[in-house]
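Notes for the one structure printed next.
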Amino acid sequence: MASNFDLENLKDWELLMRVASNGSMNQTAAELDLSIATVSQKIKDIEAVLGYPIFERTTKKTRLTPEGVQLLAAAKNPLDSFKSFVSDIHSADRMKKIHITCSISNSISRFFFRLCAEFKKAHPEVEFELIDNQYSLRDRLKPADVSIFANLSQNERSNTVLLGKEPTIICAPASIADKYSGGLTLQDLSKEMVLLCSNWTCPSPFLFDSRSGKTYPLPESDRMYFISSETVLEAVTEKLGVAWALPYMMTEMYLAEGEIVRVLPDLEGPSVNYFMGVEAMITEPIVSCFIEYAASELRKRLAVFQTSSPSYALY
């Protein structure tokens, strides 16, 4: 089969540079809005052209081989010089760019990255700045043009609109789930380390039965608390325990890859309400266009979920 790698294609070299810098095909795929399969195939193509491996692949990290280090070191300086040349050519155009600042909840960051990329295809003059709103409020950064809050307590302004509701789920690494041949049960949780986000303000952690509408207290167990859902997700992928109440969209890619699995599928944690807040002074029509587009796309995505689990605020 013919190789899909083009030695003269700068985008292919940029992809390799990113994988080497990130140490992760997953992260590179998310940054470039590509599938993991596409990134993996590109790497296989260049290795086929050159006749030797460029990367060592492990379950946790993608590292350069000694030959890969030499190859990318030779390619880096010409690539950087070309990018600098292109940057200089388009410096005047940058003055015409329209800047949109978005403060978003990290639980929908991957979805929002793709949304911004799609909008930019139709509007290349737009440049996005994305801020995690957990830190934008803490550090008192300048107000964003548009903000997506996970529950209202993250928002300091009153001009917000509800976009929809997302369930949170219980996840575990396959190594833990596989210990229970009949499937992990509620009672089994007491035997495992449970990973929780300390931001939830519900009186006590609970599990909601989507079939009966009943709630059950989370069984007593060893627990480890983290500052955000993002760090809980990182901990469960590192096989530290069973994660309670991870927002569904945050876990989708990891579930699809089999890096983690959903356990107790009929049970949920607290649901997440998403609100949009808009800066009062919008002067560019393209910004208003993006706000309408973002609200519409997120509403459509959240409409897929049917959850009636109680929702509690986040600190």
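In the list Tyr248, Tyr225, Tyr216, which residue meets the criterion of being aromatic (Phe, Trp, Tyr) and within 30 Å of Ile36 (Cα to Cα)?
On the way: Tyr225 fails: within 30 Å of Ile36 (Cα to Cα); Tyr216 fails: within 30 Å of Ile36 (Cα to Cα).
Selected residue: Tyr248, the only one of Tyr248, Tyr225, Tyr216 that is aromatic (Phe, Trp, Tyr) and within 30 Å of Ile36 (Cα to Cα).
Before we move on, is Gly164 surrounded by fewer than 20 Cβ atoms within 10 Å (Cβ to Cβ), out of contact with any Asp or Glu (no Cβ under 6 Å at 6 or more places or on another chain) and touching a residue at least 60 places away in the same chain (Cβ under 8 Å)? Answer is yes for this residue.
Please list, ordered by first then second residue, the pairs with beta carbon atoms under 9 Å, 6 or more apart or interchain, first in the stretch 110-131 and within 13 Å of Tyr293 (Cα to Cα), second among the small types (Gly, Ala, Ser). That search, which allows pairs on different chains as well, returns Phe112/Ser105; Phe112/Ala294; Arg114/Ala30; Leu115/Ala294; Cys116/Ala294; Phe119/Ala294.
Is there a residue in the stretch 191-212 that is open to solvent by less than 20 Å² (accessible area, probe 1.4 Å) and part of a helix (DSSP H, G or I)? Scanning the stretch 191-212 turns up no residue that is open to solvent by less than 20 Å² (accessible area, probe 1.4 Å) and part of a helix (DSSP H, G or I).
Looking only at residues in the stretch 213-226 that are under 15 Å from Thr185 (Cα atoms) and part of a loop (DSSP other than H, G, I, E, B), which one is least open to solvent (accessible area, probe 1.4 Å)? Applying the filter and picking the extreme gives Leu218.
The set of residues from the stretch 31-64 being open to solvent by 50 Å² or more (accessible area, probe 1.4 Å) and of a type in the set (D, E, K, R) comprises Glu31, Asp33, Lys44, Glu56, Arg57, Lys60, Lys61, Arg63. Residues that are open to solvent by 10 Å² or more (accessible area, probe 1.4 Å) and aliphatic (A, V, I, L, M) within the stretch 234-257 comprise Leu240, Met249, Met250, Met253, Leu255, Ala256, listed in sequence order.
The values are calculated or read from the model by the stated rules, or taken from the named source; none is laboratory data. Only a predicted model underlies this, so the values are computations on that prediction, with no experimental measurement involved. Reconstructed Cβ throughout: ideal geometry from the backbone, glycine too, with neighbour counts over all protein chains shown. To get the accessible areas, we keep the full protein, side chains included, count just its heavy atoms, and leave off ligands, DNA and RNA. Shrake-Rupley method; radii C 1.70, N 1.55, O 1.52, S 1.80 Å.
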